[in-house]
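Single-structure report; data block below.
Derivation of every value follows stated rules applied to the coordinates shown; laboratory data play no part. Quantities reported herein were computed from a predicted structural model and do not represent experimental measurements. Note that each Cβ is placed from the backbone with ideal geometry, even for glycine, and that neighbours are counted across all protein chains shown.
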Amino acid sequence: MIAPLLLALALQQPNLDPPGDAMVRLCNETHILVGFSIVAPSAGGSPIQKGWFNVEPGACLEGRIGETAGGTAHVHARSGTWTWPGPQEAASRTSYCVAPGSHETVASRPPCAGSRREADYARVEMTRAGRRYTIAYTVSCAAFAAEAGLCRESPVAPDGFALPVRELEICNVTSAPVAVGLLAAGERRVERWADIPAQACEIVFRGYPQTSTIEVVTPMNIEDAMPVSTTATLVCAAPQAAEDSRVTPRLAGQCGPDRRAFALRSADYGPSTSRFTMTVN
């Protein structure tokens, strides 16, 4: 009876691989510098987080990063506001807390403390060859599906990473919908109108503007004593009139037929600014 019992116990034991070298093969198929952070089991099995491993455009980084018990690792990558895993990897992601700077520590899950922020990590099964366990992960702009083209157009910052994607958010705190006009770069004409529902916020621009400034016209009451902000300029425009996209000065307190008073406002983006929010009230 002893032999069958020993056999049954042996079959119940997990198939644990012996510890070995943790190797990485991190590939960057973009035109921008990308930083990688990795969570992998240590030789003792506890999850250790290490980063950032910067990989040049069109290159791969290969090497040993320590010892591991093998099994499942997790990888996060970023450049500017682009982060991997991308939308197409939603089913294989796990959240960890990650530090903005260099890190080598026991991995932790949200809620995050201090300067650490929650980030998605892609699940990667390590491959074994002898005493080597390899973590392989490749990033590309194709991971962003509909925004793959925008990723490929990312300007490169002086540090080699992508400049942040610029977003302009308009919050309408009034009780009625409003029309907001986005001006063409360097011109006094409305390139596109956006309708903002009452009591709602919407992103009216997402991308890379030609300059560091986006100008918009937002509604205001002609009865108002002051513009929407103290830095705004009063102008006149014809809301959503395709045949008249001009933005003209408001002279003698008048706008003329079929034109309304607007506040001309600007969103100025610094090197690390991603989102600018304006309020219409």
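Below is a table of values for the structure above.
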{"read-out": "Relative packing of peptides 28-36, 188-196 - highest average C-beta neighbours within 10 Å first", "value": "28-36, 188-196"}
{"read-out": "Extension gain (nm, one decimal) between ARG109 and VAL173, 0.36 nm per residue minus Cα-Cα", "value": "19.5 nm"}
{"read-out": "With Cα atoms, 0 to 90° folded angle of helix 2-12 axis to the chain main axis", "value": "20 degrees"}
{"read-out": "Amide proton proximity set for GLU67, modelled H, under 5 Å, gap of 5+", "value": "ALA22, ALA43"}
{"read-out": "The chain: radius of gyration over Cα atoms, expressed as a fraction of 2.2 N^0.38 Å", "value": "1.42"}
{"read-out": "Calculated log₁₀ intensity ratio I(q)/I(0) where the Debye formula runs over C-alpha points of region 17-152, q = 0.14 Å⁻¹", "value": "-0.60"}
{"read-out": "Modelled label reach - ARG128, point 7 Å along Cα→Cβ, region 55-75 residues with backbone N closer than 13 Å", "value": "68-72"}
{"read-out": "Sites ASP21 and SER46, calculated FRET efficiency, Cβ-Cβ separation with R0 25 Å, nearest 0.05", "value": "0.90"}
{"read-out": "Full-stretch length increase - THR277, ALA91 - with 0.36 nm per residue and alpha-carbon distance subtracted", "value": "63.8 nm"}
{"read-out": "Over region 74-185 - Rg/Rh using Cα atoms and the Kirkwood inverse-distance radius", "value": "1.08"}
{"read-out": "Between region 42-110 and region 114-163, the Cα center-to-center distance that results, in Å", "value": "9 Å"}
{"read-out": "Label-reachable residues, region 41-75, where backbone N falls under 18 Å from a point 7 Å from THR138's Cα toward its Cβ", "value": "55-63, 75"}
{"read-out": "Helix-only CD estimate at 222 nm, as mean residue ellipticity for the chain, using -39500 (n - 2.57) per DSSP H run (n ≥ 4)", "value": "-1500 deg cm²/dmol"}
